[in-house]
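Let me begin by presenting the structure, written as structure tokens, before commenting on it.
The values are calculated or read from the model by the stated rules, or taken from the named source; none is laboratory data. Values in this document were obtained by computation on a predicted structure and should not be read as measured data. SASA here: full protein model, heavy atoms, side chains in, ligands and nucleic acids out. Shrake-Rupley method; radii C 1.70, N 1.55, O 1.52, S 1.80 Å.
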Amino acid sequence: VLFLGEHVGPHRWAAVAADFIGMLIIVWPSGDGVGVLGGLVAFGAALFWAIGLVATRRLDGEDPRTTLFITALVGTVLLSLVQPFIWTPPDAAGWGLMLAMGLLGLLSHTLLIAAFGQAPASTLAPFQYSQLIYGLAFGWVVFGDVIGARPLLGCAVIVAAGAYVWWREQRIQA
């Protein structure tokens, strides 16, 4: 609303509130190793992701290559500030994984830019919730993480809020 000038009615605000409650359920400090710092890191990641999405939406109408270049340039500059302190040269597998990550990032951001060119941010937001499913699946397959009941409840609250917004949008358009 503040940065994009898009209308967000009471139903979408209720969904945002439900999403926030779901997030609190997920990251609530419980002594399981995540704690307050982990919650703050997750909150920071979500905040900067949201800023990136708003910036991407604001660049609607620009050539997607320009948007991708700006995103890559900003990321490169910011990460270059900490790189001297954390860099360790990767092996061949590491270089391959970085290349794959870069290509997948290019593809995903190109699709994100195209989506923002076709629909308002508030309409696209519920699709972001699929990241929960992918994150849970990759966490389990790659790291062997098994999620507990409380985080699953938080995920369910978030997905239900997104599904409600999607359902309501479909009803209004019909």
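With protein chains left intact and a 1.4 Å probe, residues in region 65-130 average 72 Å² of accessible area per residue. Reducing region 46-122 and region 155-174 to their Cα centroids gives an inter-centroid distance of 28 Å. In terms of overall dimensions, the C-alpha atoms belonging to region 54-98 reach 40, 23, 14 Å along their principal axes, ordered largest to smallest. Once the mean of 1/r is taken over each pair of separate Cα atoms and inverted, region 84-131 shows a Kirkwood hydrodynamic radius of 13.2 Å. Dividing the Cα radius of gyration of the chain by its Kirkwood radius returns 0.98 for Rg/Rh. Taken along its principal axes, the alpha carbon cloud of region 115-174 reaches lengths of 42, 24, 14 Å, longest axis first. Mean residue ellipticity at 222 nm, helices only, the chain: -26500 deg cm²/dmol; runs of at least 4 DSSP H residues each add -39,500 (n - 2.57), and the sum is divided by the number of residues.
Pop out the carbon and sulfur fraction of the accessible area of the chain as a percent, whole number, probe 1.4 Å.
Taking all protein chains in place, the chain shows 76 percent carbon and sulfur surface.
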